[in-house]
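Shown next, in C-alpha cells, is the structure this report addresses.
The values are calculated or read from the model by the stated rules, or taken from the named source; none is laboratory data. Here the structure is a predicted model, which means the values were calculated and not measured. So basically every Cβ, Gly included, is an ideal-geometry build from the backbone, and we count neighbours across all protein chains shown. Side chains included, ligands, DNA and RNA excluded: accessible areas come from the protein's heavy atoms. Shrake-Rupley method; radii C 1.70, N 1.55, O 1.52, S 1.80 Å.
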Amino acid sequence: MDKKRNILSGYRVLDCSIAMAGPLAAQRLGDLGADVVKVEPVTGEWQRHTAAGGITGNKVNVSFLSLNRNKRSLAVDLKNTEGKALLMELVKTADVFLQNYRPGVAKRLGVDYESLSAINPRLIYLSISGYGETGPYVQRPGQDLLLQGMSGAMLSAGREGEAPTPAGQYLVDAITGYTAFEGVLAALLHRERTGEGQLVQVNMLDAITTIQMQELSVFTVGGKPQTRSAEPHAHVYIRAPYGAFATSDGFIIVAFPPLKLLGELIGEPSFLDMEDETDSWSRRDEIFAKTRARLTARTSAEWLELFNAAGVWAGPVYGYADLVNDPQIKHNGTFVEYDHPTEGRVKTPGFPIRFSKTPSEVERGAPLTGEHTREVLEAAGFTAEAIDRLLAAGVVAATEPEAEEEEVRACATAR
C-alpha cells in the first residue's frame with residue numbers, strides 16, 4: 001500500500017518509552033502510518049529482556065514483539081554527550097516525542113519538555129507517569145496491579161469479605177496507552193490548526209479513574225455506597241442476576257434479564273412475582289444463589305440456545321483458544337499474521353480501528369536492537385564515516401538483520 005495514503009504518513013515519532021503503556025501508544029501511531037523511531041539503549045529496551053508468561057523468542061521475545069511493530073530501532077546511549085547531541089538533532093525534525101521515564105529523569109537527561117520545545121516549538125511532547133508529575137505519590141512505582149488496587153474497581157465485583165480479583169489483563173497499562181494515543185492525536189490536530197506544539201501529560205491513576213465515570217458518578221452524585229454482596233455479583237451497581245455461572249459442563253455469563261422471564265426459563269417460581277427495579281436490588285444475593293443453583297441442570301450450549309431464543313442477554317465464557325477460533329473474530333480479521341525475520345510466522349491482535357480509505361497494516365515487525373540505527377542517522381544527515389565512528393565508540397549500536405537471520409537458521413538446523 002502507498003504509504004502516502006496512511007493517515008499519519010509524514011509524521012515522525014521519537015518513542016523513548018518502555019514497558020507497555022508508552023510503547024502501545026507509539027505502536028498505534030505507527031499503525032496509522034507514522035514513522036516511529038524507537039530510541040532505546042544500546043543493550044535494548046527493558047521489555048526485550050523481560051519475557052511475558054516466561055515465553056522467550058529467537059531474538060525478540062513475545063512481550064516486546066507484541067508492542068513494537070511498525071517501528072524502527074535506533075540504539076543510542078543517551079548518557080553519553082554525543083548520544084544526547086544525536087537525539088537533539090532528531091528532535092529538530094520530529095513531530096512527537098514520547099517518554100514514560102520516572103518523574104525527574106527526563107530533566108536530568110536534558111530531554112524534558114522545556115529543553116526539547118526550545119529546539120522545536122512545534123513538538124508534541126507526551127509524558128506518561130504513574131500518578132502525575134508532582135504530588136505526594138510522585139515516587140511510587142506506576143505498576144499495573146498497584147493501580148488496579150488503588151482504582152477502587154476491584155471492590156465493585158465479587159463477594160463481600162473475600163479478596164478482590166484483579167483483571168485478567170494489564171488493564172491500567174492498556175487504558176493509559178489508549179489515553180496517551182488519544183492525547184497525541186488531539187495535540188496534532190491542534191497543531192494543524194494553530195502551528196503550536198505542546199506538552200501532553202497522561203498518568204495511570206487518572207486514566208483508570210476517569211474510565212469509571214458511570215460507577216463513580218453513581219457514588220459521588222447518587223450517593224449509593226459501593227457494597228459487595230455475599231454472592232459473587234459481577235458489578236455492585238448493576239441489578240441481579242449479573243455474573244458468571246457454572247453449568248453442567250462449563251460457565252456462562254448472564255446479564256440482568258427480566259426476572260419473570262428468567263424464572264420461566266430456568267424453572268424458578270419465586271422469580272415470577274418479583275419486580276426488576278426493586279427486588280433485583282434488595283434481594284440480590286437470593287436471586288444470584290437461586291440462579292446459580294438452577295443453571296447447573298443443563299449444559300452451557302443448552303442454556304445459551306434457550307436464552308438467546310428468548311432474548312435474554314447471555315454468552316459464553318471463553319479461554320484464549322476459544323477466542324482465537326471464534327467465527328466472528330475470524331470474520332472481523334481481528335488477528336493479523338506476518339513473517340518476522342527472526343521469529344518466523346507471527347499471529348497477533350491487529351488493528352481495532354478500521355478505515356475505508358486508509359487501512360492500517362503491518363509494515364514491519366518489532367525491530368531488533370538498533371536494526372535501523374544507520375538508516376535513521378543517515379536520514380538525519382549523518383555521514384557514513386560519522387556513523388562508523390559513533391558505532392566504534394559505543395555511542396550507538398546497530399544490528400545487521402541479515403546476520404541475525406543466518407544465526408537463527410543455523411540454530412534451527414542444528415536442532
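Checked against the criteria, Val42 does not count as among the β-branched types (Val, Ile, Thr), closer than 23 Å to Thr179 by Cβ and in contact with a Ser or Thr (Cβ under 9 Å, 6 or more places away or on another chain).
Scan segment 31-44 for residues that are touching a residue at least 60 places away in the same chain (Cβ under 8 Å) and either open to solvent by less than 10 Å² (accessible area, probe 1.4 Å) or outside any loop (DSSP other than H, G, I, E, B) (or both) and the total you get is 7. Being open to solvent by 30 Å² or more (accessible area, probe 1.4 Å), of a type outside the set (Lys, Arg) and out of contact with any strand residue (DSSP E or B) (no Cβ under 6 Å at 6 or more places or on another chain) is the filter here; which residues of segment 106-130 pass it? Selection gives Leu109, Glu114, Ser115, Ala118, Ile119, Pro121. Residue under question is Ser360, and the condition is that it be more than 21 Å from Asn80 (Cα to Cα), surrounded by fewer than 17 Cβ atoms within 10 Å (Cβ to Cβ) and polar (S, T, N, Q); does it hold? No, not satisfied. Scanning segment 257-274 for residues that are within 14 Å of Ala309 (Cα to Cα) and either of a type in the set (Lys, Arg) or not in a loop (DSSP other than H, G, I, E, B) (or both) returns Leu261, Leu262, Glu264, Leu265, Ile266. The selection criterion, being open to solvent by less than 60 Å² (accessible area, probe 1.4 Å), within 30 Å of Leu126 (Cα to Cα) and among the polar types (S, T, N, Q), holds for Ser151.
Take Asp285 and decide whether it is within 20 Å of Pro232 (Cα to Cα), modelled with pLDDT of 95 or more and not in a loop (DSSP other than H, G, I, E, B). Yes: the conditions hold for Asp285. Within segment 239-251, being in contact with a Leu (Cβ under 6 Å, 6 or more places away or on another chain) and not in a strand (DSSP E or B) holds for one residue alone: Thr247.
Within segment 41-94, the residues that satisfy the criterion of being more than 24 Å from the chain's Cα centre (by Cα) and β-branched (Val, Ile, Thr) are Val42, Thr43, Val76, Thr81, Val91, Thr93. With the condition kept exactly as written, say whether any residue in segment 253-263 is surrounded by fewer than 16 Cβ atoms within 10 Å (Cβ to Cβ), of a type in the set (Phe, Trp, Tyr) and within 30 Å of Ser300 (Cα to Cα). No: segment 253-263 contains no residue that is surrounded by fewer than 16 Cβ atoms within 10 Å (Cβ to Cβ), of a type in the set (Phe, Trp, Tyr) and within 30 Å of Ser300 (Cα to Cα). Of everything in segment 194-212 that is of a type in the set (Gly, Ala, Ser) and in contact (Cβ under 8 Å) with a residue 40 or more places away in the chain, the residue that is surrounded by the most Cβ atoms within 10 Å (Cβ to Cβ) is Gly197. Right, Thr176: closer than 24 Å to Tyr137 by Cα, in contact with a strand residue (DSSP E or B) (Cβ under 8 Å, 6 or more places away or on another chain) and among the β-branched types (Val, Ile, Thr) or not? Yes, satisfied. When restricted to residues that are farther than 17 Å from Pro367 by Cβ, open to solvent by less than 40 Å² (accessible area, probe 1.4 Å) and either part of a helix (DSSP H, G or I) or modelled with pLDDT under 65 (or both), segment 388-407 contains 1. Against the list (1) under 19 Å from the mean Cα position of the chain (by Cα); (2) part of a loop (DSSP other than H, G, I, E, B), the condition Thr369 fails is (1). Looking at Val236, Val254, just one residue is in a strand (DSSP E or B), touching a residue at least 60 places away in the same chain (Cβ under 8 Å) and either under 27 Å from Gly152 (Cα atoms) or hydroxyl-bearing (Ser, Thr, Tyr) (or both), and that residue is Val254.
Looking at Ser17, Ser63, just one residue is small (Gly, Ala, Ser) and either touching a Gly at 6+ places or on another chain (Cβ under 9 Å) or surrounded by fewer than 23 Cβ atoms within 10 Å (Cβ to Cβ) (or both), and that residue is Ser63. Considered as a group, the residues in segment 274-304 that are among the polar types (S, T, N, Q) and open to solvent by less than 30 Å² (accessible area, probe 1.4 Å) include one that is nearest to Asp249 (Cα to Cα), and that residue is Ser300.
Among the criteria (1) free of Cβ contacts under 8 Å to residues at least 12 places away in the same chain; (2) among the aliphatic types (A, V, I, L, M); (3) part of a loop (DSSP other than H, G, I, E, B), the one Ala293 does not fulfil is (3).
Picking from residues in segment 159-193 that are open to solvent by 60 Å² or more (accessible area, probe 1.4 Å) and among the hydroxyl-bearing types (Ser, Thr, Tyr), the one that is farthest from Leu24 (Cα to Cα) is Thr165.
Between residues in segment 134-149 that are under 15 Å from Gly177 (Cα atoms) and residues that are open to solvent by 80 Å² or more (accessible area, probe 1.4 Å), which pairs lie under 8 Å by C-beta distance while being six or more apart or on different chains? That search, which allows pairs on different chains as well, returns Asp144/Tyr170.
For segment 213-247, give me each residue that is open to solvent by 40 Å² or more (accessible area, probe 1.4 Å) and at positive phi. Within segment 213-247, Gly223 is the sole residue that qualifies. Being outside any loop (DSSP other than H, G, I, E, B), in contact with a Lys or Arg (Cβ under 8 Å, 6 or more places away or on another chain) and β-branched (Val, Ile, Thr) is a property that does not hold for Val362.
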